[in-house]
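Every read-out reported here was derived from the displayed coordinates using simple, explicitly stated rules and does not represent laboratory data. Everything numeric here is computed off the predicted structure, so don't read it as measured data. Heads up, the Cβs are rebuilt from the backbone with ideal geometry, glycines too, and the neighbour counts pull from every protein chain shown.
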Amino acid sequence: MTWVLFDYGGVICRLQPDEDLALLAAAAGCSRQDLADAYWAYRLDYDRGDLDGTSYWRKVSGVLGRTLPDAQIKELIRLDVESWLHLHPQMVALIEDVAGAGHRLAVLSNAPAELAGAVSALPVAGHFEHLAFSCFLRSAKPDQACYRAVLGRLDARPGDVIFLDDRPENVASAGELGIRGIHVTTPAAARSALAAHGITTSTSPVRSTAPTCDIAPGSRLWPVGVEASVASQNPSGVGSKMCG
């Protein structure tokens, strides 16, 4: 059985819109360019789970030369998460069609815990049997450790997985392990590439189910409901060059 493994950021969701980036910059009290430089400085640490939302934004504020109060940091976390929740309708339709054709689906995303909780609660998440996030795997793409961890979760050989990602380096790293890769540029191109790999699609309605979600590195798979409850207690931040 072939698994179709989707990236999230830049594939299922759109990259952060300009208006959301403007809101983040305004909340941080800086220019968009200054925020961009600070935002990415510690993002990989955040995506890997080395930092939580509060400590990440304190690092960002340090780069900006500012000290932000707790209320401001909480707002930045909220705005950051929301900036990564703009789904691509055509990609959602592709996911529904692939699931409707009976293929097994999973997600591998570079995302911090706050975003992971929000993504797990989205209706589209119900089409995936497994949701794997870098913050719980404690490794992030293109590190091959995260691909090996996912192969273990799926109980799959590399050649049994087709991986879709918008970043060429992530696709290349997965390919070095024997995972078949698709560099996503548009939903239409992704659909054609899947067809070339023998992944048929269906236009029949398909019911989503509750997926399982990696909650801790090396752990068993826990129901998404557990992760969603974490997110509801701390509705917060995400995204990055490495988010996806």
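Points worth noting:
- Given charges at beta-carbon only (K, R positive; D, E negative), |dipole| of the range 1-89 in Debye: 120 debye
- Counting beta carbons within 10 Å around each of Y56, Y46 and listing the fewest first gives the order Y56, Y46.
- Extension gain, A41 to T186: 0.36 nm times the residue separation minus the Cα-Cα distance gives 49.4 nm.
- Spin-label pair R58/Q90, simplified geometry with 7 Å Cα→Cβ offset, distance in nm: 4.4 nm
- Footprinting exposure proxy for L15, L76 (fewest neighbouring C-beta atoms within 10 Å first): L15, L76
- Fewest-first ranking of V92, V119, V60, using other Cβ atoms within 10 Å as the exposure measure: V92, V60, V119
- Segment D70-R32, length gained on full extension (0.36 nm per residue, minus Cα span): 11.6 nm
- Rg over Rh for the range 1-82 works out to 1.04, using Cα positions for both radii and the Kirkwood form for Rh.
- Alpha-carbon centroid distance for the pair the range 107-166 / the range 1-64, whole angstrom: 18 Å
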